[in-house]
Amino acid sequence: PHLAALVLARGGSKGIPLKNIKLLAGVPLIGWVLRAAIDAGVFHSIWVSTDHDEIEKVAKQFGAQVHRRSPEVSQDSSTSLEAITEFLNHHHEVDIVGNIQATSPCLHPSDLIKVADLIQKEGYDSVFSVVRRHQFRWSEVKKGENKMTEPQNLNPAKRYRRQDWPGELYENGSFYFARKHLIEKGYLQGGKMAYYEMRAEHSVDIDIDIDWPIAEQRVLSFGYFGKEPLKEVRLLVCSIDGCLTNGRIYVTEDHKEMVSYDYRDTVGIDLLKKRGIQVRLISDRDCSRTLSAMQLGCVAKVSVTNKLQALKDWQEELGLSWKEVAYLGNEESDVECLKQAGMSAVPADACAAAQKAAGYICRSRGGCGAVREFAEHIFLLLEKVNSARKQ
């Protein structure tokens with residue numbers, strides 16, 4: 001049977017505007033679940049259902065196909081079931097839909113593989129995700145009611161200790177898998193039904209703005225970053241124009257060039273060096289006099305016609321694997337380097353081709369703190385590497 005992953009990503013969002021493609025830890029929110037779905041390798045097709053051009057663009061960048069949903073199922077009042085039903089009406093080849101929520105960025109391929117087995121090998125009609133919680137519930141007393149609250153799942157005279165109570169299962173909204181015949185009857189859950197319990201640290205749902213910084217930290221700690229394990233970064237190569245500087249060149253009356261840079265970026269370079277990470281600079285043009293004036297103390301190559309070859313030369317010189325190399329670029333000439341490096345980033349104002357190739361998109365613009373921001377991102381991922389080693 002044809003198993004399709006379907007991510008519903010409407011353009012309208014009352015809580016957070018264009019939430020589905022807002023950057024979370026340097027990746028568009030929808031990118032986290034698409035990466036997990038693609039690497040799971042269990043889906044015959046992977047789709048994003050959207051009514052928005054920018055969401056369509058991001059979805060295709062991450063390798064998904066796009067179903068343009070109609071205005072009728074793109075309203076605030078539209079349900080997921082209505083959008084899924086419309087998708088099935090246009091894609092008759094699909095037998096099973098795995099509806100994955102874009103707002104669950106800590107989803108891992110291993111979860112999706114196990115759920116696919118429940119559906120395809122064990123014959124379940126529907127499977128949905130849950131998380132175990134240890135929370136005591138009390139009845140609600142509305143204002144003006146003359147009554148007392150009552151315990152719902154505990155005896156106040158004998159409260160459970162956490163270790164003595166298995167807790168309860170709650171839907172966490174991460175995914176809902178269902179066969180076509182069930183959906184056509186108006187159900188996402190039914191028939192031979194099972195739940196799939198996700199790990200608590202992977203159960204993240206973003207609904208309102210206040211959730212964002214919390215989710216970002218959770219993703220950096222527990223998110224899925226790709227098939228290859230992260231390795232400790234040993235080298236950062238940074239494009240000078242448009243990354244270390246803002247790309248503008250000022251020319252004085254006596255024909256001298258001037259550029260500006262952000263002091264925060266020089267601090268970021270110093271912090272990287274203190275952590276034992278080499279920082280090297282690269283440029284298409286001859287800016288040796290500018291570099292001399294900046295006094296950064298970094299090895300640099302200028303007037304480079306082939307940045308990828310220069311990057312390979314440095315990688316081989318230092319005896320590093322590509323997973324140990326990070327690259328910060330912003331132009332089309334940086335694209336192949338961004339694809340090759342184990343960790344890659346671009347400033348917020350990088351060209352579209354560079355943004356598509358990068359693993360992390362900074363909030364800061366070139367010459368305005370992007371180097372420092374990427375340095376902080378590297379440090380957070382290094383903590384993840386060290387934590388994995390201890391485990």
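Residues that are farther than 24 Å from GLY167 by Cα, touching a residue at least 60 places away in the same chain (Cβ under 8 Å) and of a type outside the set (Ser, Thr, Tyr) do not occur anywhere in region 136-151. For region 181-220, a residue qualifies if it is in a helix (DSSP H, G or I), closer than 23 Å to PHE87 by Cα and out of contact with any helix residue (DSSP H, G or I) (no Cβ under 8 Å at 6 or more places or on another chain), and the qualifying residues are HIS181, LEU182. Taking first residues from region 156-176 that are touching a residue at least 40 places away in the same chain (Cβ under 8 Å) and partners that are part of a loop (DSSP other than H, G, I, E, B) and open to solvent by 60 Å² or more (accessible area, probe 1.4 Å), the Cβ contacts under 8 Å between residues at least 6 apart in sequence or on separate chains come to ASN172/ASP205; GLY173/ASP205; SER174/ASP205; TYR176/GLN189.
State whether the residues of region 247-263 include one that is assigned to a helix (DSSP H, G or I), more than 23 Å from ALA354 (Cβ to Cβ) and open to solvent by less than 70 Å² (accessible area, probe 1.4 Å).
no
Which members of region 274-333 meet the condition of being hydroxyl-bearing (Ser, Thr, Tyr), surrounded by fewer than 17 Cβ atoms within 10 Å (Cβ to Cβ) and without any contact (Cβ under 8 Å) to a residue 60 or more places away in the chain? SER288, SER292, SER303, THR305 - these are the residues of region 274-333 that are hydroxyl-bearing (Ser, Thr, Tyr), surrounded by fewer than 17 Cβ atoms within 10 Å (Cβ to Cβ) and without any contact (Cβ under 8 Å) to a residue 60 or more places away in the chain.
Exactly one residue among SER303, SER344 is of a type in the set (Ser, Thr, Tyr), modelled with pLDDT under 95 and either touching a Lys or Arg at 6+ places or on another chain (Cβ under 8 Å) or over 19 Å from HIS377 (Cα atoms) (or both), and that residue is SER303. The residue of region 129-180 that is most open to solvent (accessible area, probe 1.4 Å), among those that are out of contact with any helix residue (DSSP H, G or I) (no Cβ under 7 Å at 6 or more places or on another chain), outside any strand (DSSP E or B) and among the basic types (Lys, Arg), is LYS143.
Per the conditions (1) exposed (fewer than 12 other Cβ atoms within 10 Å of the Cβ); (2) outside the structural domain of GLY31 (by the TED database); (3) in contact (Cβ under 8 Å) with a residue 24 or more places away in the chain, the sole criterion not satisfied by GLY186 is (2). Of the residues making up region 365-377, those that are open to solvent by less than 30 Å² (accessible area, probe 1.4 Å) and over 17 Å from the mean Cα position of the chain (by Cα) are GLY366, GLY367, GLY369, ALA370, VAL371, ALA375.
For region 269-289, the count of residues that are part of a loop (DSSP other than H, G, I, E, B) and of a type in the set (Ser, Thr, Tyr) is at least one. LYS384 passes every criterion in (1) modelled with pLDDT of 85 or more; (2) among the charged types (D, E, K, R); (3) in a helix (DSSP H, G or I) apart from (1).
Given the condition over 23 Å from SER321 (Cβ atoms), part of a helix (DSSP H, G or I) and either open to solvent by 60 Å² or more (accessible area, probe 1.4 Å) or assigned by the TED database to the domain that holds SER260 (or both), answer yes or no: does some residue in region 335-351 qualify? Full working, then the answer.
Start the filter on region 335-351 by keeping residues that are over 23 Å from SER321 (Cβ atoms), which leaves 347-351.
Narrowing the set further to residues that are part of a helix (DSSP H, G or I) leaves none.
The answer is no; no qualifying residue exists.
The values are calculated or read from the model by the stated rules, or taken from the named source; none is laboratory data. Bear in mind the structure is a predicted one, so any value in this text is a computation, not a measurement. We place every Cβ from the backbone using ideal geometry, glycine too, and count neighbours over all the protein chains shown. Accessible surface areas use protein heavy atoms only, side chains included; no ligands, DNA or RNA. Shrake-Rupley method; radii C 1.70, N 1.55, O 1.52, S 1.80 Å.
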